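Written out below as structure tokens is the structure these notes cover.
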Amino acid sequence: MISENRVSVELKGLRKVYGTAVALDNFSLDIAPGELVALLGPSGCGKTTALRILAGLDTDHEGQIIINGKDIASIPANKRNMGMVFQAYSLFPTMTVLENVAYGLRVRKVDREKRNKKAQELLDLVGLGEMGARLGHQLSGGQQQRVALARALAIQPNVLLLDEPLSALDAQVRTQLRDEIKRIQIEVGTTTLFVTHDQEEAMAIADRVGVMRHGVLEQCAPPQEVYLNPATVKVAKFVGAMNLMPVEILSSSSVSIYGQSVALREGGNVAGTMALVRPEQLSLALAKTQGRASATVFNLTFLGPLTRISVRMTGDARTLFVSMPSSAALEFVAGSLVDVRVLATSVLLDA
Amino acid sequence: MSLTTTKRAGSLKTGVGPLHFANKGNSYKSALPLLPFFAFIAYFLVFPLTFIVRDAFLDNDGKFTFENFAECFKGVYGHSFFVSIQLSFISAAIGAVVGALIASAIVKTGSRFRKATAASASVLANTGGVPLAFMFLAGFGTEGLVTRALKFLGWNIYGGTFTLFSSAGIILVYSFFQIPLMVLIFSPALENVRPEWREASDSLGGTRLTYFRRVMVPLLFPAFISTALLLFANSFSAYATARAMTAGTLPLMPLLIGNLVDGNVIANQQHLGQAMAVCMIGVSIIVMSIYVLVLRFSKVKR
Amino acid sequence: MKQKLNLSNRIVLLAGGAFFIFPMLAAFEFSLRTNESKSYGFDNFRWIFEQDGFKSNLSVSFRLALVTAICVLVLMVPTVVYLHLGGARWKRLVEFICLVPLVVPVISFALGVGTAFPIFLQSTVYELSFLYVIVSLPYTYRALDVGLSSIPLLTLVEASRASGASMRQTLMYVIIPTIRTAVNGAIFLAIALSLGEFTLAVLLHWDTFPTWIANVSQGHVLNAIALSVLSLFGAWVVVMIFALAPKSLRSNKIQEATK
């Protein structure tokens, strides 16, 4: 089942304008053969535009699309051999599930027996081997998306393109199918571009996550790195939660946050006066001397394995969020006087 | 792409809806696939229409003249405007009211009956010409079955001035296709009325009358008026049935035009017929402009 | 949403039904009368089938209907599909054009055609088919427009194109089957119009089934009534076939795929 053609993708300097709105600006991205890259960003950030340009569904853009060293920008969508899965409602309503999956082979004039055999294999792969004779609308939303995935893979695509394939589904099905897509992608080894607005989804599924804002690719790196070392303030603020904490500049490479000195990382706002610190990069301890406590706990939110604690700083009445294992959070109650410590070794600055 | 799931997601994404194709090159290039359609329209619709308008302004020697149009408003021709418009107006009014009544009774029936009536209505709305005329002769003629039955019950429909070949008779015959046409076009609008609205109105203390006045009328009025105007145009331009029924006794515009151009008259009147035809288009344009205006100002989007 | 029919609804339906059924019954009764009065028979119907014009004119009308249907399919389906995809900016213009035939009385149109068309085109009866396409435009356009509006067309087209299908394959395999009901409706309207149209045919001096009926009716009253009954009944049969066909076709397809 492993695809013979593992291809590399290079997108170079893509730019796309709708009327006066710039949907995509100087967008460059390399995808290694067999890699799964997720483009992550809010609605309208240009991530879908990038995917559609790669698919050939959006034309009239600037820049190059290079597959295995060949520029395919002038090739129409139906000759690009891209497998695409849409958000929803993309199954052909008059065809059975099997006919849907076999469709790409049918238009390639593969004879019926051969294409049905291949389609059946793929239905087995996505766990719907028994459903071939049904019509699309007789399946659940999650099953329909599995069929769409099988249909996209049936043509042994150069690149698998997934355009928010899970966002129309219920939360539970979404997680389950997400893991399944990852499993299948590893199994067939097709180079994949996955577009989503859901951070958790992107982090869970991708080899690398590309974070986009306003048509620009801010950072593309493995999930851990995007989360722990965001390259820009925008990435830091979009991915996960962030506390804004006032700083005193000590030198060009270090700052002081509430009296603790912390190293400064590049990529932030140089003129900034606030440090970005994640809730889990803060720790709390009950104050030893009551009079000199730095903060007061005013709310605890139990989130299962983690508890999020809101504290108010004594000095400037600023609210910070601290997250810690629920077991560790047991010693605090609303009203506890606490000292706040910064665990982060380096921070980004923002205005 | 939004967080909330939206139906028909395909066309909602980041401005890449149907328009994204249209960004291709300049705007006229996007009309290229429509070329066959436009060519067909130009040749089979625009071309004949320009010819008839041009010829309406020519005399027999091919010179420009207004004489044909002056002639249009004189004598029997001028009278035919009045007769045609009046007849079509009454026929449309009867068809619209009766059709709406029948449609509102039909939507309350089961889906099978609704389907059967819809199919029947589409047949009946298309009847016309000789078959329709003879059906009414058989039913409502002086020796017709219905006439005799009514006479037996004590109502002689021929007691007064009624004949099938008068305006009243024609209106009766036209009802046979006008009412089904109304049912056919008006039913979808009625089916859009949700029972919940009635329940909502009831629960808010509305009476049957307030529901009808405050909900139904504003909701259905545009559809009702626009369909009624369609019925007007339908009877206004009806030729086959009128010809089969009246044998030229009633001065209706289509009949006069038909007589003028269909051979047995002196050549001069060819152009008069064309001028009359242009006048008919003029009347229709006025009526259909009302149709368009009603649609535009209807508050309910479809 | 079956609701309770109250008395006034019942009266409306009964009275309405009577208005339509009695003339048909009356016509049927007349059509069975024979010339030796007081007895009934199928003489009038038999007479129709013995006429030379019957078969030939009916066949002309059916061929006209067929050509009209093909023209609608080939011309209108791709056009309206394109308006729902890339040609959206032209939609209002085309919509407007498609309303024009409602404004132009057929008799006016017929006059224009008579003077405008060159001889070569007027030398074939199939010119009527092209004109029927025009006259049926308001209805065929609307049927197709409604059908296409009710499906996620863009997603289906993109899914098909990404699968490697050409636009023609997409049209044939995906779009037309998906809007089959609307396409059937449009074609049915065009066929019904072609089979019954009288004004254009008579003014352009062609012999079709409706003009033949009009000719026969002069002097053969009972036979003409029999013909009327026959043509109405025929139209009914055609409608029923069309109303039932799509469903049965689809269920066959599913059964076939399940094998």
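The values are calculated or read from the model by the stated rules, or taken from the named source; none is laboratory data. All values reported here derive from a predicted model rather than from experimental measurement. Here Cβ is always computed from backbone atoms with ideal geometry, including for glycine, and neighbour counts include all displayed protein chains.
Structure summary
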| read-out | value |
| --- | --- |
| Considering residues of the range C:84-122 that are of a type outside the set (Val, Ile, Thr) and in contact (Cβ under 8 Å) with a residue 60 or more places away in the chain only, the residue farthest from the other protein chains (Cβ to nearest Cβ) | C:Gln122 |
| Any chance B:Gly129 is closer than 30 Å to B:Thr246 by Cα, out of contact with any strand residue (DSSP E or B) (no Cβ under 9 Å at 6 or more places or on another chain) and within 13 Å of another protein chain (Cβ to nearest Cβ) | yes |
| Residue within the range B:191-207 that is at pLDDT below 85, within 27 Å of the chain's Cα centre (by Cα) and surrounded by 18 or more Cβ atoms within 10 Å (Cβ to Cβ) present | no |
| Single residue of the range C:197-219 satisfying the filter (within 15 Å of C:Leu131 (Cβ to Cβ) and in contact with a Gly (Cβ under 7 Å, 6 or more places away or on another chain)) that is surrounded by the most Cβ atoms within 10 Å (Cβ to Cβ) | C:Pro210 |
| Looking only at the range A:73-83, and only at residues there that are among the aliphatic types (A, V, I, L, M) and within 14 Å of chain C (Cβ to nearest Cβ), the one that is surrounded by the fewest Cβ atoms within 10 Å (Cβ to Cβ) | A:Ile75 |
| Residues of the range A:119-152 classified as crowded, with 18+ Cβ neighbours inside 10 Å, within 14 Å of another protein chain (Cβ to nearest Cβ) and charged (D, E, K, R), total | 2 |
| Filtered residues of the range B:255-283 (kept if modelled with pLDDT of 90 or more and facing chain C (nearest Cβ under 8 Å)) | B:Ala277, B:Val278, B:Met280, B:Ile281 |
| All positions within the range B:217-236 that are crowded, with 17+ Cβ neighbours inside 10 Å and more than 30 Å from B:Leu256 (Cβ to Cβ) | B:Leu219, B:Leu220, B:Pro222, B:Ala223, B:Phe224 |
| Count - residues of the range B:50-73 that are assigned to a helix (DSSP H, G or I), hydrophobic (A, V, I, L, M, F, W, C) and more than 11 Å from every other protein chain (Cβ to nearest Cβ) | 3 |
| Qualifying residues in the range C:141-187 (those that are polar (S, T, N, Q) and within 24 Å of the chain's Cα centre (by Cα)) - the one nearest to A:Val110 (Cα to Cα) | C:Thr178 |
| Residue in the range B:214-222 that is of a type in the set (D, E, K, R) and part of a helix (DSSP H, G or I) present | yes |
| Some residue of the range B:74-95 being within 13 Å of chain C (Cβ to nearest Cβ) and not in a helix (DSSP H, G or I) | no |
| Failed criterion for B:Gly110 (all others in (1) over 20 Å from B:Ala238 (Cβ atoms); (2) more than 9 Å from every other protein chain (Cβ to nearest Cβ) hold) | (2) |
| Members of the range A:28-51 found to be more than 19 Å from A:Lys79 (Cβ to Cβ) and within 14 Å of chain B (Cβ to nearest Cβ), listed by number | A:Leu39, A:Leu40, A:Gly41, A:Pro42, A:Ser43, A:Gly44, A:Cys45, A:Gly46, A:Lys47, A:Thr48, A:Thr49, A:Ala50 |
| From A:Leu24, A:Leu54, residue being in contact with a strand residue (DSSP E or B) (Cβ under 8 Å, 6 or more places away or on another chain) and away from chain C (no Cβ under 11 Å) | A:Leu24 |
| Long-range neighbours under 8 Å by Cβ, at least six apart or interchain, first residue at negative phi within the range A:219-230, second of a type in the set (D, E, K, R) | A:Cys220/A:Arg208; A:Ala221/A:Arg208; A:Pro222/A:Asp207; A:Pro222/A:Arg208; A:Pro223/A:Arg208; A:Asn229/A:Arg265 |
| Single unsatisfied condition, B:Gly248 versus (1) in a helix (DSSP H, G or I); (2) at pLDDT below 90 | (1) |
| Residue list for the range A:223-266, restricted to those being in a helix (DSSP H, G or I) and surrounded by fewer than 17 Cβ atoms within 10 Å (Cβ to Cβ) | A:Gln224, A:Glu225, A:Leu228, A:Lys237 |
| Test for B:Thr117: is it out of contact with any Cys (no Cβ under 7 Å at 6 or more places or on another chain), over 30 Å from B:Tyr239 (Cβ atoms) and polar (S, T, N, Q) | no |
| Residue check for B:Pro188: surrounded by fewer than 22 Cβ atoms within 10 Å (Cβ to Cβ), in a helix (DSSP H, G or I) and either modelled with pLDDT of 80 or more or hydroxyl-bearing (Ser, Thr, Tyr) (or both) | yes |
| Residue pairs meeting the criteria (Cβ under 6 Å; at least 6 apart or on separate chains; first farther than 18 Å from A:Ala21 by Cα, in the range A:40-62; second surrounded by 24 or more Cβ atoms within 10 Å (Cβ to Cβ) and among the small types (Gly, Ala, Ser)) | A:Leu40/A:Ala202; A:Ala55/C:Ala162 |
| Residue match in the range A:208-222 (condition: of a type in the set (S, T, N, Q), modelled with pLDDT of 90 or more and more than 24 Å from A:Ile309 (Cα to Cα)) | yes |
| Residue that is buried (at least 17 other Cβ atoms within 10 Å of the Cβ) and in a helix (DSSP H, G or I), where the choices are B:Phe47, B:Phe37 | B:Phe37 |
| Check on C:Val72, touching a helix residue (DSSP H, G or I) at 6+ places or on another chain (Cβ under 6 Å), closer than 20 Å to B:Tyr239 by Cβ and of a type in the set (A, V, I, L, M, F, W, C) | no |
| Any chance A:Gln199 is within 14 Å of chain B (Cβ to nearest Cβ) and surrounded by fewer than 23 Cβ atoms within 10 Å (Cβ to Cβ) | yes |
| Residue identified as touching a residue at least 12 places away in the same chain (Cβ under 8 Å), out of contact with any helix residue (DSSP H, G or I) (no Cβ under 7 Å at 6 or more places or on another chain), within 30 Å of A:Thr48 (Cβ to Cβ) and part of a helix (DSSP H, G or I) among A:Gln156, A:Gln143 | A:Gln143 |
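Each row is one residue, and each column tells you yes or no for (1) buried (at least 22 other Cβ atoms within 10 Å of the Cβ); (2) more than 12 Å from B:Phe37 (Cβ to Cβ); (3) over 24 Å from the mean Cα position of the chain (by Cα).
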| site | (1), (2), (3) |
| --- | --- |
| C:Ile70 | no, yes, no |
| C:Val80 | yes, no, no |
| C:Phe109 | yes, yes, no |
| C:Leu131 | yes, yes, no |
| C:Ser136 | yes, yes, no |
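A quick yes/no check of all residues on (1) of a type outside the set (D, E, K, R); (2) touching a helix residue (DSSP H, G or I) at 6+ places or on another chain (Cβ under 7 Å); (3) under 30 Å from A:Lys12 (Cα atoms):
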{"site": "A:Ser74", "(1), (2), (3)": "yes, no, yes"}
{"site": "A:Gln87", "(1), (2), (3)": "yes, yes, yes"}
{"site": "A:Phe92", "(1), (2), (3)": "yes, yes, no"}
{"site": "A:Val101", "(1), (2), (3)": "yes, yes, no"}
{"site": "A:Val110", "(1), (2), (3)": "yes, no, no"}
{"site": "A:Arg115", "(1), (2), (3)": "no, yes, no"}
{"site": "A:Ala119", "(1), (2), (3)": "yes, yes, no"}
{"site": "A:Gly129", "(1), (2), (3)": "yes, yes, no"}
{"site": "A:Ala133", "(1), (2), (3)": "yes, yes, no"}
